[in-house]
Amino acid sequence: MDAAFWLFFLFLVLLFFGIPIAVAIGGVAIFMIWQFDLGIQVISSNFYAGIAKYPLLAIPFFILAGMILERCGVSQRLVNLASLLVGSIPGGLAIVAILVCVFFGGVSGSGPADAAAMGAVLIPAMARKNYDREFSAALIAAGGSTAIVVPPSIAFILYGVITTTSVPALFAAGVFPGILAGLSLILPAYWISKRRGYMGEERGDLRKIWAAFKDAFWGLMAPLVILGGIYGGIFTATEAAIVAVFYGLLLGFGIYRTLDLRTFYRILVDAALSSAVVLLIVALAGLYSWAGATLGVMERIAGALLTLSDNPWVVLALVNVLILLAGMLLDAISIYYVFLPILLPIVAHFGWDPLWFGVVMTLNLAIGQFTPPVAVNLYVTTNLAGIPLEKTSAATLPFIAAMAMALILVILFPSLSLYLPKLWGLY
Amino acid sequence: ADYKAEYKMSIVVGPKGPWGEGAQMFADLVRERTNGRINIKCYFAGQLFAGKQTNEFLLMRQGVIDFALASTINWSPQVPSLNLFALPFFFEDYEQLDAVKNGAPGQELFRQIEEKGVVGLAWGENGFRELTNRKQAVDSPDDLEGLKVRVVGSPIFIDTFRALGANPINMNWGEAQTAFQQGTVDGQENPVNAVIIPYQLWQVHKYISIWHYAIDPLILGVSKKTWDSFSPEDQAILKQAAADACAWEVAQARKGLEGDMPALQTLRDNGMEVTVFTPEIRAAFREKTRSVYDEWRKKIGEDLVAQAEKILGR
Amino acid sequence: MNRRVFSWLWNHFEEAACALLLLVMALIAFANVTIRYLTNYSFAFTEEVEVSALVYLTLFGGAAAFRRGLHLGLHFVYVRLPPPARRVVLVLSLALVLFVFGTLAYYGIFQIRDEMDLETLSEALEVPQWIYTLAVPLGSVLIAVRAVERTVQLWAQQEMKGKR
Ligand code: NA
Ligand code: NA
């Protein structure tokens, strides 16, 4: 039987039955390496080499930083301030939710983490204001997905590692597209709120705004600390992550005094376990793409895709549909490892910019994070809202459409992605 | 024994340039001369060992990788004697290098790697490693004081830069390029034809020192497990193909860098200030790195270094 | 040893080890940035320590995550299956975990043996490489043990009675 068939078919079947992604992708990889006699001894050394990479250190550090900042109360303070600023217009709380999701995306590198941090504060608050639960769950899942486009981003770290693209340059490239994706969500949020009569909050007076601003100030500074360091040439992405961790500790133990040692231990454990879940997939997916590449399967599929059309726009549209569909079913990490070996020869063939392509691909995956049936962010927010995931399908549609518009703009105008990296001399 | 339908050949770098093209040439020659009995596929850019270069030798020994055109630097964790070529300011020119690798020390090294499971077929070359930086012309041992230099991640290289008072940094090439652009790292060391010209390092570094502080030979090797499965006729064909491909590869790697080194003009044309070390300057640098030499002499093997010293007349 | 302490350790020692690893990694990395920023000096060896700790963290954390059922997967078919079919999937899943981490452990030991034979030293600190590689077989065995524990739990629990 053809290697390509087994590689994809086995993986899909195992996923379908709910086998953990890491086990499914690793099982198929090891089975293929063994069955096709590719040199089974390779699995141990390549598994190790798949994790032991300096840029990947940024993953546990950014996860840790995000959790510290969330649990020391930064989320609540951001919501307070944003409510006073824009809360008074119709659907005020919905717009606040989007803004703080994008803003917290500036310290968190993971969609579900952002959705969890913001959802914990906002979903109960929106319920109290009579927002439909499906609507708030869909909204915050969508808002949280911008965290993988707005830097820092675990997705960009993985894309950078796989394609050997500079991670700081990718981070810079994600700034405008991430903000654009966030802003695009405001249109449907406002429109739906107005139609359904979701009312705004009371308008805050200047004194209240100033007080809330002072209270949130150190939280507001967090993204600047992280990104300022990278763009000032002071830190690598990994160093920026570690600085963020200690900034969070300073806030939690020093300024806000909301952390204690017991909580800190829990945060360490949770961050370590979340990182392990991600990195175990990374290592085993690495074996999978090794098997695919060594068998020559990935090259052949890329070649086949190229024979479909010579027109770059047609192929680009095809590639986008492919990633978007994959994103509806699969998690972002496996998609990078399964699809990048296929897509990179195509990117090279048409001379597409790898930075721009990284942003386009990641935006697609961001959309995938809140499209049912498989949607990590929705999984988090529907749990918080206490509703079944399936019931949110309709509620997600306007947000999918809005972010697809943002995606099209990012595709059509590469300078949205490339302007900052060039300006900052990262590219 | 049965032949495999396809044999895997590992190359750390991409398909362009002498190193990659030399490997491809070997694969093509072998296919042609064995009438397709031995079909070698080249895997470039370190694909076979997932980016961890120091695993290459291990995987060859296990038979996962059949062939490799490999840098001695990447095999040195398993074969410490290969650090002979990284002894600071040891080889002055190509004649000296050729005399050592074609003489008794070269044969001894091939014997050692074979003992560890890899058969050496021929010597290739990546080139003398030269220093570029953005700060100042380096022509005396004190000029490196405090300079941040990206160095290939091998202990002897790090020791050498420490001894020179520099601050060696070990980072992957992708990150290093960003660091050069931002100026967070001041310099790097690599061969001219293989890296400095193709990566246009003049865009980030104004100064280059042609100091020949270490040489980076390549070894075209084959896993002993694979080697033993070939018939004696095919083994002879492989040896000849390796010799032919490597002769071409070495000539390419040295192109423009012999005699009065016309390749350096390319660097000057792009605005680089080129400093070519005189024997006196080299002597001063050798003096300053003496401690590294003495320490690594033991790790490499006293006998082997003594043999090489004898050939060089030291 | 006190029985409660022992049972806490049995249940949580990977978590405690991970917390400690992450804390140490963070401290080393922070020290490195601070010293580099203040003195322009950086340590080449810290990268090796942190990256090796990351491998241990992944495998030990992976084991704890198996115990708690934190690994990502698609559940919408699974939760709709009748209990007997779930049991089949559960057993299949465990078999696959044992296959993946069993082979990893086996070839990990293989690699360690090679590294000992060749007396391979690490790049920066020049300590025996197998100390780092040991994470693979050790962690894989832990993961297998935790996966068995979790499966036994699920087999006995409410999942199989069709409630979720
Ligand atoms: Na982010
Ligand atoms: Na999805």
Coil-residue GluC sites (Glu not before Pro) of the stretch B:141-200, DSSP, other Cβ within 10 Å capped at 14:
B:E145
Sparse-neighbourhood loop sites, trypsin sites (Lys or Arg not before Pro) in the stretch A:145-214 - DSSP loop, at most 16 other Cβ within 10 angstrom
A:R203
What does the structure give for B:21-28 when I average, per residue, the other chain Cβ atoms found within 10 Å of the residue Cβ?
0
For a Förster distance of 35 Å, can you work out the FRET efficiency between the beta-carbons of B:E287 and B:K310, rounded to the nearest 0.05?
0.95
Unit charges on C-beta of K, R, D, E only; dipole of chain B, Debye
700 debye
My understanding is that a pair violates if its Cα-Cα distance is over 22 Å; which of B:K116/B:K239; A:K53/B:K135; A:K129/A:K194 do that in this structure?
A:K53/B:K135
For chain A, set up a Gaussian network in which alpha carbons nearer than 10 Å are linked by springs, and say which option among A:I234, A:I179, A:I68 fluctuates the most.
A:I234
For Cα pairs less than 8 Å apart in space and 6+ apart in sequence, what is the mean separation divided by the residue count of chain A, i.e. the relative contact order in percent?
26 percent
Placing unit charges on C-beta atoms (Lys and Arg positive, Asp and Glu negative, everything else neutral), compute the dipole magnitude of the protein assembly as shown about its Cα centre in debye, rounded to 20.
3880 debye
Mind checking the dipole of chain A: about its Cα centre, +1 per Lys or Arg Cβ, -1 per Asp or Glu Cβ, Debye to the nearest 20?
1140 debye
Which percent, nearest 5, of DSSP beta bridges in the protein assembly as shown are antiparallel?
60 percent
Farthest toward positive dipole pole in the stretch C:3-163 [+1 Lys/Arg, -1 Asp/Glu at C-beta], among C:F99, C:P82, C:A124
C:P82
The distance between the Cα centres of the stretch A:79-111 and the stretch A:153-196, in whole Å, is 15 Å
Residue of A:D37, A:D215, A:D331 that the Gaussian network model of chain A assigns the largest fluctuation, springs spanning Cα pairs under 10 Å
A:D37
Rounded, prolate or oblate, given the Cα gyration tensor of the stretch A:368-427, with a/c below 1.5 counting as rounded?
prolate
Carbon/sulfur accessible area of the stretch C:3-163, % of total, 1.4 Å probe, equals 71 percent
Using only DSSP helix segments of four residues or longer, with each worth -39500 (n - 2.57), what per-residue ellipticity at 222 nm results for chain B after dividing by its residue count and rounding to 500?
-12500 deg cm²/dmol
Where a ≥ b ≥ c are the square roots of the eigenvalues of the C-alpha gyration tensor, would you call the stretch B:25-103 rounded, which needs a/c under 1.5, or, failing that, prolate if a/b is larger than b/c, or oblate?
oblate
For the stretch B:206-314, shape from the Cα gyration tensor axes a ≥ b ≥ c, cut at a/c of 1.5 then a/b versus b/c, turns out oblate
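The values are calculated or read from the model by the stated rules, or taken from the named source; none is laboratory data. Because the structure is predicted, anything quoted here is derived from the model rather than measured. Here the Cβ is made from the backbone with ideal geometry for all residues, glycine too, and neighbour counts use every protein chain on show. Ligands, DNA and RNA are excluded from the accessible area calculation, which covers all protein heavy atoms including side chains. Shrake-Rupley method; radii C 1.70, N 1.55, O 1.52, S 1.80 Å.
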